[in-house]
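The values are calculated or read from the model by the stated rules, or taken from the named source; none is laboratory data. Source: prediction; values computed, not measured. Note that we place each Cβ from the backbone using ideal geometry, even for glycine, and neighbour counts take in every protein chain shown. Quick note on the areas: whole protein, heavy atoms, side chains included, nothing else; ligands and nucleic acids left out. Shrake-Rupley method; radii C 1.70, N 1.55, O 1.52, S 1.80 Å.
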Amino acid sequence: MSTSFSVTPTAAQAEPEQPIPLWCCQRQSCPVPKERTMVMPTPLLTALVLCLAAGILQAQALSELMEIMEIEREMETLEEELQQGCSRAHHARKRLNQLEKLTSWGKHNFTGSMIEAYVFKFMTEHFRGLNLSSRMDVKLGGVGRLRHAMNFPVELMEGIQERGAQQELVCIYIHSPCMFQDTNNSSVLNNDVLGAFLQSRRVAGLSHPVEIQFWHDMMLDASNATCVFWLPGAASDGGSLADAGSTGNWSTEGCRTTHREGTVICHCDHLTYFAVLLQLPAGALSPAQLASLTHISTIGCSLSAAATLCTFLLCCFSRQQLRENTARIHMHLLAALLLLNCSFLLSVPLAAGSEGLCQVTAALLHASLLCALAWMGAEAFHLLLLVIKVYNIYIQRYLLKLCLFAWGLPVLAVVAVFVFKRDTYGYHVISTPESYRNMTMCWLTSLPAYYATLCYAGLILLFNMLVLGRVLMILRRIWRQKGQARKDWVTVLGLTCLLGTTWGLAFFSFGVFFVPQLYLFTILNSLQGLFICLWYITVHSRSKPGSVSNTSG
């Protein structure tokens, strides 16, 4: 990522005169004096002096060019190391010293994908402040914003007594977490660090602070984002701010933080390396946790989709079971889970497409989730009729009414929302402290819709839990009387737990339970289709054809 700063360039220095090549003296036609004299002619002496001076200048320029090329190779190596990871952070700090040395000459800027360095020259008495801003802007809420900016006040020259001397201000932009790692492995906003310092002296205690702006696309405030500067562990008064042999930490001394929409503004009374330190809130996911949960859900949903499809086909080929409402309800649940798994797998890759396609995918995912939950409730209701009411109840057009409830109502609600308030669906960003590792998927973008879905799921799961508790009480009583309910116990417990109870873990996402609950929720529910397949093979394939329930009409 290239972030070139936009400034008014300083006047270019005049080009030096073309040096006289060395061979000019060797081919010079010099007149022979008529009389012998010890005094060398003035033109020949001048030419010889110029040739010697040109040779010295060429040798110095060549030596300087070779050193610049060597440091540039070091910087290219540094870029490669930073792209590979932070395992060699010590070497990264050493090479940052080389970068500071390179910029100290004031003759060369460095621009890379992760590191940029610029030198700005000015006269002390002519300095009227300096505003630097990135040329690359970002779109946040439909409004263009600068990516970074640094504003240096006139008071930057306070305390400099020497007048008529040229000052050099070095600005370094770093986009990597590897350069400045403290003992806590703290995270900084977007992994961005902005550095500035004068070559002539260290700057501290400014009456008017330097202003540094960092953009972001996260929900940040004073509780989770603070302006900091890097304090090396062994920096001396004249030493480098990135001392290669030191470890350091982030400090807030002399810095004040203010927040605007999409921007964190740091006001600091000194020059050094600045960043915005992120405080990971309780319950927030780190990038590593988000990546692992994404892999688990992708693998689990893929396995469940395949297992659900196989189970659905097995149910279709079993003509005897197709006559039973129990098997038909199972097939509807399998179809809803297959649709849920497939739409979830599509929600992440399709988030990179057009907004309209993402909205359709989000609506499909929402509808399939509502239908799957509804069929879990239908399973619990059917279980209630079979175990508690047994054969003493008759419902006319029983399966049709279940389909209207479990398919019709959710689809009708989603279609209505999609038609009248389409922006309810769209791009949903799962944020981490390192925002460049955020994950985007197609899902709900409205909090009211999210809470309504949560309440809907809560009511169904509460009903399922009440039915499960009632069924287990009945089976326990029968088991004590006859000791023959072990098979029914396994059947009911497996069916009810795997088809609804595990979704109740979503209501325990708080405090210390958040991360363990999230892993358990992801594993169990992403593999739900696989569990149903195993349950169907071990239980239903061995059961003998039973009588048809008279709940049908």
Name the single residue that is modelled with the lowest pLDDT among those in segment 266-283 being aliphatic (A, V, I, L, M) and out of contact with any Phe, Trp or Tyr (no Cβ under 9 Å at 6 or more places or on another chain). 280
Which residue pairs have Cβ atoms closer than 6 Å, lie 6 or more positions apart in sequence or on different chains, and pair a first residue in segment 462-475 that is over 15 Å from residue 507 (Cβ atoms) and modelled with pLDDT under 85 with a second residue that is of a type in the set (A, V, I, L, M) and outside any helix (DSSP H, G or I)? 475/485
Which of the residues belonging to segment 255-304 are hydrophobic (A, V, I, L, M, F, W, C), in a helix (DSSP H, G or I) and out of contact with any Leu (no Cβ under 6 Å at 6 or more places or on another chain)? 288, 290, 291, 293, 296, 299
Considering only residues that are at pLDDT 90 or above, open to solvent by less than 10 Å² (accessible area, probe 1.4 Å) and closer than 19 Å to residue 198 by Cα, which ones fall in segment 239-265? none
Return yes when residue 292 is within 28 Å of the chain's Cα centre (by Cα), at pLDDT 90 or above, open to solvent by 30 Å² or more (accessible area, probe 1.4 Å) and within 27 Å of residue 514 (Cβ to Cβ) and no when it is not. yes
Identify all residues within segment 117-132 that are touching a residue at least 12 places away in the same chain (Cβ under 8 Å) and open to solvent by 20 Å² or more (accessible area, probe 1.4 Å); write none if there are none. 118, 119, 120, 121, 122, 123, 125, 128, 129, 130, 131
Considering only residues that are among the polar types (S, T, N, Q) and either surrounded by 12 or more Cβ atoms within 10 Å (Cβ to Cβ) or modelled with pLDDT of 70 or more (or both), which ones fall in segment 540-553? 549, 550, 551, 552
How about segment 42-76: which of its residues are modelled with pLDDT under 70, open to solvent by 80 Å² or more (accessible area, probe 1.4 Å) and either hydroxyl-bearing (Ser, Thr, Tyr) or touching a strand residue (DSSP E or B) at 6+ places or on another chain (Cβ under 9 Å) (or both)? none
Residue that is modelled with pLDDT under 90 and open to solvent by 10 Å² or more (accessible area, probe 1.4 Å), where the choices are 411, 390: 390
Inspect segment 350-367 for any residue being of a type in the set (S, T, N, Q) and crowded, with 22+ Cβ neighbours inside 10 Å and give the result as yes or no. yes
How about segment 327-342: which of its residues are open to solvent by less than 30 Å² (accessible area, probe 1.4 Å), touching a Phe, Trp or Tyr at 6+ places or on another chain (Cβ under 9 Å) and either of a type in the set (Gly, Ala, Ser) or not in a helix (DSSP H, G or I) (or both)? 336
Can you report the number of residues in segment 402-431 which are without any contact (Cβ under 8 Å) to a residue 24 or more places away in the chain and either over 33 Å from the mean Cα position of the chain (by Cα) or farther than 18 Å from residue 360 by Cα (or both)? 4
How many residues does segment 184-231 hold that are farther than 22 Å from residue 114 by Cβ and not in a strand (DSSP E or B)? 18
Could you check segment 173-225 and list, in sequence order, the residues that are open to solvent by 30 Å² or more (accessible area, probe 1.4 Å), touching a residue at least 60 places away in the same chain (Cβ under 8 Å) and at positive phi? 205
Of 537, 478, 523, 532, the only residue that is at pLDDT 85 or above and more than 32 Å from the chain's Cα centre (by Cα) is 532
